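K.L.:
What follows is a structure written as structure tokens; I'll ask about it next.
The values are calculated or read from the model by the stated rules, or taken from the named source; none is laboratory data. Keep in mind that this is a model prediction, so the values were computed, not measured. Neighbour counts run over all protein chains shown; Cβ positions are idealised from the backbone, glycine included.
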Amino acid sequence: MQVSTNEIILLVIVITIIFLAASFFLLLYVNVYNKRKMKLIEEKKMMQVEFQQALLQTQLEIQEQTLKNISQEIHDNVGQVLSLAKLNLGTFENTESVYNQTKINDTRQLVSKAINDLRDLSRSLHGDRIAELGLQDAISNELKILQNTGQYQTAFTITGDRYKLEPPKEMVLFRIVQEAINNSIKHAKAKKITVQLKYQPASFILSVEDDGIGFNATGLEAAQKGIGLKSMQNRAALIGGSLSLDSAPGNGTVINIDLKNNNLTA
């Protein structure tokens, strides 16, 4: 049985169509498979990010509760004991000895200073009081505590048209400031600390600068970053901000936290 030329052509066409169709469906399957694979990878990454954020949020909540408890303890117990001590000092009758009377007056003043310092410290630890004060007053109070020690100089500047951030963001920013100040005192051996708030239409920038010994920030590996710096970076990321650090040996340190307009208060 002979096969005609038309039948051969038709057969070739059919085979070609089948091959092309098979290739199309294979490419389609591969494409769908890759999209599903990428989607699963993205979902996995998103779940990991959400888990890390939830974990960090839990840690921050535990820290805030601990600080609140310490604040309450200072206010309810230590503060009251010192207040009673001050009252007892006031019951001392004037003595004929000028030296003794001077000692009593000096002690009364020291106790009064301790009460005021503890009151300020309690306020800076208690999250609810910080929320009531707002970010600006809370930072101002923190710098005042530092200034009152007589060992440090502080400065606080605010630029731009002020607007209020969401309370959780202000709380996180304040804790970052506290951590930065602690690092400046403990590690940088700074004597002057400056905090700046820059209110801009497109972003909010918070800067903490010190005149400490500084360090080589460009050569700082991830494994070398201390707990304090990691904590500040994590806190900044939690509220959608970014933290940058500028430092060099002998030139102090500047920490900037940048919140873009889509992460500001509505």
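K.L.:
What about GLU132, is it among the acidic types (Asp, Glu) and within 28 Å of ASP117 (Cβ to Cβ)?
P.N.:
On the way: among the acidic types (Asp, Glu): yes; within 28 Å of ASP117 (Cβ to Cβ): yes.
Yes, satisfied.
K.L.:
Okay, next question. For ALA188, indicate whether it is part of a helix (DSSP H, G or I) and in contact with a strand residue (DSSP E or B) (Cβ under 7 Å, 6 or more places away or on another chain). Talk me through it step by step, then tell me what you get.
P.N.:
Numbers: part of a helix (DSSP H, G or I): no; in contact with a strand residue (DSSP E or B) (Cβ under 7 Å, 6 or more places away or on another chain): yes.
No; evaluated as a whole, the condition is false for this residue.
K.L.:
Also: Could you run through the stretch 147-170 and say how many residues are touching a residue at least 12 places away in the same chain (Cβ under 8 Å) and either crowded, with 20+ Cβ neighbours inside 10 Å or in a loop (DSSP other than H, G, I, E, B) (or both)? Spell out how you get there, then give the answer.
P.N.:
Narrowing the stretch 147-170 to residues touching a residue at least 12 places away in the same chain (Cβ under 8 Å): 148, 151-170.
From what is left, the residues that are either crowded, with 20+ Cβ neighbours inside 10 Å or in a loop (DSSP other than H, G, I, E, B) (or both) are 151-152, 160-166, 169-170.
Final tally of qualifying residues: 11.
K.L.:
Any residue in the stretch 222-233 that is of a type outside the set (Lys, Arg) and in a loop (DSSP other than H, G, I, E, B)?
P.N.:
Within the stretch 222-233, the first condition is being of a type outside the set (Lys, Arg), and the residues that meet it are 222-224, 226-229, 231-233.
Filter again for in a loop (DSSP other than H, G, I, E, B), leaving 226.
Yes, some residue in the stretch 222-233 is of a type outside the set (Lys, Arg) and in a loop (DSSP other than H, G, I, E, B).
K.L.:
Hey, another quick one. Residue check, VAL3 against (1) modelled with pLDDT of 65 or more; (2) in contact with a helix residue (DSSP H, G or I) (Cβ under 9 Å, 6 or more places away or on another chain); (3) of a type in the set (Val, Ile, Thr), all met but one. Which one?
P.N.:
The single condition VAL3 does not satisfy is (1).
K.L.:
Among the listed residues LEU121, LEU173, LEU125, which satisfies the condition of being modelled with pLDDT under 70, within 21 Å of ILE193 (Cα to Cα), of a type outside the set (Gly, Ala, Ser) and within 17 Å of the chain's Cα centre (by Cα)?
P.N.:
On the way: LEU121 fails: within 17 Å of the chain's Cα centre (by Cα); LEU173 fails: modelled with pLDDT under 70.
Going through LEU121, LEU173, LEU125 in turn, the sole match is LEU125.
K.L.:
Scan the stretch 1-43 for residues that are of a type in the set (A, V, I, L, M) and surrounded by fewer than 10 Cβ atoms within 10 Å (Cβ to Cβ) and jot them down. Show your work before the answer.
P.N.:
Going residue by residue through the stretch 1-43, those that are of a type in the set (A, V, I, L, M) are 1, 3, 8-15, 17-18, 20-22, 26-28, 30, 32, 38, 40-41.
The answer is MET1, VAL3.
K.L.:
Of all residues in the stretch 236-266 being modelled with pLDDT under 85 and not hydrophobic (A, V, I, L, M, F, W, C), which is farthest from GLN196 (Cα to Cα)?
P.N.:
Initial filter on the stretch 236-266 (modelled with pLDDT under 85): 238, 260-266.
Of the ones still in play, those that are also not hydrophobic (A, V, I, L, M, F, W, C) are 260-263, 265.
Working: LYS260: 17, ASN261: 18, ASN262: 21, ASN263: 19, THR265: 19 Å.
Going through the qualifying residues, I end up with ASN262.
K.L.:
Ok, one more. Which residue out of GLU142, GLU179 is within 24 Å of GLY250 (Cβ to Cβ), modelled with pLDDT under 90, charged (D, E, K, R) and surrounded by 15 or more Cβ atoms within 10 Å (Cβ to Cβ)?
P.N.:
Numbers: GLU142 fails: within 24 Å of GLY250 (Cβ to Cβ).
It is GLU179.
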